[in-house]
Each structure stands twice: as structure tokens, then as C-alpha cells.
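Visitor: I'd like to ask you about the structure that follows.
The values are calculated or read from the model by the stated rules, or taken from the named source; none is laboratory data. Remember, it's a predicted structure, so these values are computed and weren't measured experimentally. So basically every Cβ, Gly included, is an ideal-geometry build from the backbone, and we count neighbours across all protein chains shown. Side chains included, ligands, DNA and RNA excluded: accessible areas come from the protein's heavy atoms. Shrake-Rupley method; radii C 1.70, N 1.55, O 1.52, S 1.80 Å.
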Amino acid sequence: MKSYRLYLFDFDYTLVNSEAAILKCFHITLEKTGLPPRSDDEIRRTIGLPMLDAIKRIIHSSDDALARRFLAVYKKEADRYMTAGTYFYPDTVGTLQTLRAHGAKIGIISSKTRSRIEETFQGDSAGLVDRIIGSEDVAAHKPDPEGIKKALDWFAVPASETLYTGGKVDAGAAQNAGVDFAAVTTGTTGAETFQSYPHVAILPRLSGLLP
């Protein structure tokens, strides 16, 4: 695979698996707010979406105020369980280290909060990422290209020398930003879904990015 100067990544289901923690936080919050339970599969399909959008799908309501009340309860559970329940995929750290050794810059564009992502990059993984753009750093969430364009400006790297890697919503963001896209199927989206989006690769694991 060709090399790029800048590698941008989604977070959940791309670099890490936090599925168990997310499921736990949603199930607890649904119970605490008195809302009907939802299946694991229904919750999984919302992972990677902007948080309020995910909540509205899970509570089956477009009521913004109700979603925000739900989020306030969810955040307390996430503070307890999220970081401890987030794990790098086996090849994540090694892939990032190798890309950096080849002189590439690394960034993350995620619908998760920047502070939550920073909590994951501690110890041996500290210093692997040059810039994190989280949900609080943009006005419009993916597939809007705002986050990617902010990263391009910050790194001062042209779109033609940038690769964004992630899932379905990230494919749309990459297309809208005019950067190359590589899909990883470590999430809930199968390879066939990515065929309808411009892409340079559809990979079963992150290490497929290595030149």
C-alpha cells in the first residue's frame, strides 16, 4: 500500500474496541432512566455516531431535551466504566509505531470526546498520536468533513497526501473532505457496504495499512 504523510483515524472500532463498555453504560442508563431495554445489536449499530444521534436512535425519540437528560446519566456511567473497558486491537500500537517510524504524522477524528480518547493513550501508547479532534472540537459531526479539514489545516498537509481510516460514517467524511479512505472491517460494517464508497483499501485489520 502507498505511503502517506498524514494518517487520520476514527477511534471506536478502528483503533480500539470499547463495545462491552458502551453496551454496559447504555443498559445501565436505560434502566436508571426507566426506558425500555434495547438489544445489544441495536446499541452496536449506533457506535461511532455522534452521541446525541446514537441516544435518539436507542431511546426511539427525536426529543433533544430527553436525549440530553439521558446523556447526563450516561456520562456518569461512562466515567466509571468506559476507559477501563476500552482495549486497543492487537495490531493498533504496532501499526502506529511503524507509521511514525516511517516519518508519518498521526491524527484521530472521532465523535467521542477528546478527553476520553486521551485517557486511552497512556503508558506505552503515550505520544503515538500528534493531534486528537473530538466531538467538542467541531460544530458539525461526521460525515461532515469539518474534523478532517481542521486536521489538514493543523498539520499543514494537503488532502492528496492524507489517508483517513475508519468505518461507514468515516467513508462519507473522507469523501466529503476529498481525502483517500481505507475501510477496516473490525466494526459492525461488512466489506460489501464499503464498495459503494471511494476507497483505496478494505482491510480486515489495521496493519494492512503498512507500506
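Visitor: Can residue 189 be described as at pLDDT 95 or above, buried (at least 16 other Cβ atoms within 10 Å of the Cβ), among the polar types (S, T, N, Q) and in contact with a helix residue (DSSP H, G or I) (Cβ under 6 Å, 6 or more places away or on another chain)? Full working, then the answer.
Guide: Numbers: at pLDDT 95 or above: no; buried (at least 16 other Cβ atoms within 10 Å of the Cβ): yes; among the polar types (S, T, N, Q): yes; in contact with a helix residue (DSSP H, G or I) (Cβ under 6 Å, 6 or more places away or on another chain): yes.
So residue 189 fails the test.
Visitor: Conditions: (1) closer than 18 Å to residue 206 by Cα; (2) open to solvent by less than 30 Å² (accessible area, probe 1.4 Å); (3) among the β-branched types (Val, Ile, Thr). Residue 98 meets all but one. Number of the miss?
Guide: All conditions pass for residue 98, except number (2).
Visitor: Has region 163-180 got at least one residue that is free of Cβ contacts under 8 Å to residues at least 12 places away in the same chain, of a type outside the set (D, E, K, R) and either part of a loop (DSSP other than H, G, I, E, B) or under 17 Å from residue 95 (Cβ atoms) (or both)? Reasoning before the result, please.
Guide: Let us first name the residues in region 163-180 that are free of Cβ contacts under 8 Å to residues at least 12 places away in the same chain, namely none.
Within region 163-180 (the criterion being free of Cβ contacts under 8 Å to residues at least 12 places away in the same chain, of a type outside the set (D, E, K, R) and either part of a loop (DSSP other than H, G, I, E, B) or under 17 Å from residue 95 (Cβ atoms) (or both)), the answer is no, since none of the residues qualifies.
Visitor: Could I ask something else about it? Just need a number here: residues in region 110-140 that are of a type in the set (Lys, Arg) and touching a residue at least 40 places away in the same chain (Cβ under 8 Å). Walk me through how you get there before you give the answer.
Guide: Step one: list which residues in region 110-140 are of a type in the set (Lys, Arg), which gives 112, 114, 116, 131.
Subsequent filtering for residues that are touching a residue at least 40 places away in the same chain (Cβ under 8 Å) retains 112.
Count: 1.
Visitor: Hey, another quick one. What residue, among those in region 4-47 that are open to solvent by 20 Å² or more (accessible area, probe 1.4 Å), in contact with a strand residue (DSSP E or B) (Cβ under 9 Å, 6 or more places away or on another chain) and part of a loop (DSSP other than H, G, I, E, B), is nearest to residue 154 (Cα to Cα)?
Guide: 5
Visitor: When residues of region 48-60 are filtered for being open to solvent by 30 Å² or more (accessible area, probe 1.4 Å) and farther than 22 Å from residue 166 by Cβ, how many remain? Spell out the reasoning first.
Guide: Within region 48-60, the subset open to solvent by 30 Å² or more (accessible area, probe 1.4 Å) is 49, 51-53, 56-57, 60.
Now restrict to residues that are farther than 22 Å from residue 166 by Cβ: 60.
Of the residues in that region, 1 qualify.
Visitor: Another question, if that's okay. Taking the residues in region 71-82 that are charged (D, E, K, R) and loosely packed, with under 15 Cβ neighbours inside 10 Å as candidates, determine which candidate is farthest from residue 18 (Cα to Cα).
Guide: Going through region 71-82, the residues charged (D, E, K, R) turn out to be 75-77, 79-80.
Subset that is loosely packed, with under 15 Cβ neighbours inside 10 Å: 76, 79-80.
On the way: 76: 16, 79: 13, 80: 13 Å.
Residue satisfying both the conditions and the ranking: 76.
Visitor: Got a sec? Which of 107, 85 is among the small types (Gly, Ala, Ser), part of a loop (DSSP other than H, G, I, E, B) and touching a residue at least 60 places away in the same chain (Cβ under 8 Å)?
Guide: Working: 107 fails: part of a loop (DSSP other than H, G, I, E, B).
None of the others qualify; the one that does is 85.
Visitor: What do you reckon, is residue 68 surrounded by fewer than 17 Cβ atoms within 10 Å (Cβ to Cβ) and under 20 Å from residue 109 (Cα atoms)? Reasoning before the result, please.
Guide: Values: surrounded by fewer than 17 Cβ atoms within 10 Å (Cβ to Cβ): yes; under 20 Å from residue 109 (Cα atoms): no.
No, not satisfied.
Visitor: Could you please give the count of residues in region 114-154 that are in a helix (DSSP H, G or I) and surrounded by fewer than 18 Cβ atoms within 10 Å (Cβ to Cβ)?
Guide: Pass one, region 114-154, residues in a helix (DSSP H, G or I): 114-120, 123-125, 135-137, 146-154.
When the remaining residues are screened for being surrounded by fewer than 18 Cβ atoms within 10 Å (Cβ to Cβ), the result is 114-115, 118-119, 123-125, 136-137, 150, 153-154.
Final tally of qualifying residues: 12.
Visitor: Considering each of 211, 198 in turn, give the residue that is touching a residue at least 24 places away in the same chain (Cβ under 8 Å), touching a strand residue (DSSP E or B) at 6+ places or on another chain (Cβ under 7 Å) and more than 24 Å from residue 18 (Cα to Cα).
Guide: Values: 211 fails: touching a strand residue (DSSP E or B) at 6+ places or on another chain (Cβ under 7 Å).
The match here is 198.
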